[in-house]
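**Q** First the structure, which I've put down as structure tokens, then a few questions once you've had a look.
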Amino acid sequence: MSIAYYLKIKTYRFFNTILGESILKSLSSFVYVKGLKRANAKNEFPFIISITIDTESGYVDKNDYRIWQKLKPDAYIGYYKGIENWRKLLNKHNAKATFFLSANCFTAKAGDYNKIIKQLKLLVKEGHEIGLHMHPDSDFALQQALNKKFDATSAKFYSYVEIEKIIKTGKNLIKKHIGINPISFRWGNWALNTDAVKALQKNGFKIDSSATPGIRGHQNDKMAYDWGKVNEHYPWKLSNADYQNTKHQNTSIIEIPIATFNFLGFNLRADPANSALLQACFDYYYKNADRTKKPFVFVVISHSIEATHEDGSKTKVIGVMEEFLNYVKKFKGVKFSTLNKAI
Ligand SMILES: [Zn+2]
């Protein structure tokens, strides 16, 4: 087990087991969002919650460990059962979500393939959004289409020419198998870079949601990502000169960042894996995000694999999300929307 993988598991387990949910609830007053100015004026526009699901192979094992696509690229249950378990929850609460799809699912054989396509078509029919999600190193449909092996997750390890081919091919695979043109994008492990911005622009993408303001990670491995310089929590137009610059605003791609927050020195994402902290994070944003001139978009991140065990049964994350949905629905002005519709 690599150190990075070990730490990833530990982060998830830390907030779910070591501290315990009841303690977390009492600590929620320690949640803080740097760079989010307190809005004093009256908030008249909606508070939009955009649930985003990175959709990949894998599952949650019986010890609550995440088996990610990289470890088991052919664990297609992460797609068909992961999507189905999310759909049941979302549809019950009439919440539309954005599913960022890794094209790796298109390597599945007949039985699994048909189950996946059925779920993807249901997503479209039910008004959810399908965007493109990029993991070059564990996306074997992409590698087959380009007849090339890729060994890194992050955009920074590829040339512009490679990135442009990768994004174009991913988009074409979705078009070929499910007949839609994705316009929203998230790079795997949030590892976008400036060349990727240019390639997204070239391929007609309108929205990116790779940014995790204030957070960087995996600096010494091939999953490296860096949004450490970004201090902005409202959408901006991405820069084609420096992807972390929020002032240039010189492309037509709108970055809708994932909601991030600080808790006792940890920089975290709005993610049901962080259990009760998701509600605490919502509370902070709901109270402080400016909605006097336009709606605020609160982006929550989860994964398809986190909704299913190896046998297809639903997971703790689905329970946490159900609790979250019931909680936020009571607040005035809260709406649920795909990213596409949110802008
Ligand atoms: Zn991913």
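**Q** Which ordering of D271, D74 is given by a fewest-first count of other beta-carbon atoms within 10 Å? Intermediate values should be presented prior to the final figure.
**A** Values: D271 22, D74 13.
In increasing order of surrounding Cβ atoms, one gets D74, D271.
**Q** Of I305, L277, A259, which is farthest along the charge dipole of segment 257-343 in the positive direction, counting Lys and Arg as +1 and Asp and Glu as -1 at C-beta?
**A** Value computed over the given set: A259.
**Q** Lys/Arg Cβ at +1, Asp/Glu Cβ at -1, dipole of segment 3-342 taken about the Cα centre: which of W86, F336, G188 is farthest positive-ward?
**A** Final value for the positive-end residue is F336.
**Q** Pick out which of L268, L71, L325 has the largest mean-square fluctuation in a Gaussian network model of the chain, springs linking Cα atoms closer than 10 Å.
**A** L71
**Q** When the helices in the chain are scored as -39500 (n - 2.57) per DSSP H run of 4 or longer and the sum is shared across all residues, what 222 nm value do you end up with, to the nearest 500 deg cm²/dmol?
**A** Values: 10 runs with 113 residues, N = 343.
Mean residue ellipticity at 222 nm (helix-derived): -10000 deg cm²/dmol.
**Q** Multiply the residue separation of I180 and Q201 by 0.36 nm, subtract the distance between their alpha-carbon atoms, and state the gained length in nm to one decimal. Let's see the in-between values first.
**A** Details: separation 21, 0.36 × 21 = 7.56 nm, distance 1.80 nm.
That pair, I180 and Q201, stretches by 5.8 nm at full extension.
**Q** With Rg and the Kirkwood Rh both taken from Cα atoms, where does Rg over Rh land for the chain?
**A** On the way: Rg = 18.7 Å, Rh = 20.0 Å.
With Rg and the Kirkwood Rh in hand, the quotient comes to 0.93.
**Q** Full-extension gain between E323 and V161, please, as 0.36 nm times their residue separation minus the C-alpha to C-alpha distance. Before the final figure, lay out each step's value.
**A** Values: separation 162, 0.36 × 162 = 58.32 nm, distance 4.47 nm.
Full extension of this stretch gives 53.9 nm more.
**Q** Here's something else I'd like to know. Roughly how many nanometres apart are two label points built 7 Å out from the Cα toward the Cβ at F30 and D283?
**A** Modelled inter-label distance: 1.4 nm.
**Q** Could you calculate the contour length gain from K294 to N250, that is, 0.36 nm times the residue separation minus the distance between their Cα atoms, to one decimal place in nm? List each step's numbers first, then the result.
**A** Details: separation 44, 0.36 × 44 = 15.84 nm, distance 2.12 nm.
Result for the pair: 13.7 nm of gain on full extension.
**Q** Sticking with this structure for a sec: Ranked by Cβ crowding within 10 angstrom, fewest neighbours first, how are L101, L120, L264 ordered? Walk me through the intermediate numbers first.
**A** Numbers: L101 30, L120 24, L264 10.
Taking fewest neighbouring Cβ atoms as first place, the list is L264, L120, L101.
**Q** Which of H128, H248 has the fewest other C-beta atoms within 10 Å, and how do the rest follow up to the most?
**A** H248, H128
**Q** Further question: Which FRET efficiency value, to the nearest 0.05, do you get for A152 and S313 by plugging their Cβ-Cβ distance into 1/(1 + (r/R0)^6) with R0 = 35 Å? Could the numbers behind the result be given before it?
**A** On the way: r = 34 Å, r/R0 = 0.96.
Result of the calculation: an efficiency of 0.55.
**Q** While we're looking at this one, here's another question. Explain nothing, just compute: Karplus ³J(HN,Hα) = 6.51 cos²θ - 1.76 cosθ + 1.60, θ = phi - 60°, for every residue of segment 215-226 in order, whole Hz, x for Gly and Pro.
**A** 10, 10, x, 6, 4, 10, 9, 7, 9, 4, 9, 8
Here, each number is a calculation from the coordinates, and none is a lab measurement. Note that the structure is a prediction, hence the values are computed from the model and not measured. Here the Cβ is made from the backbone with ideal geometry for all residues, glycine too, and neighbour counts use every protein chain on show.
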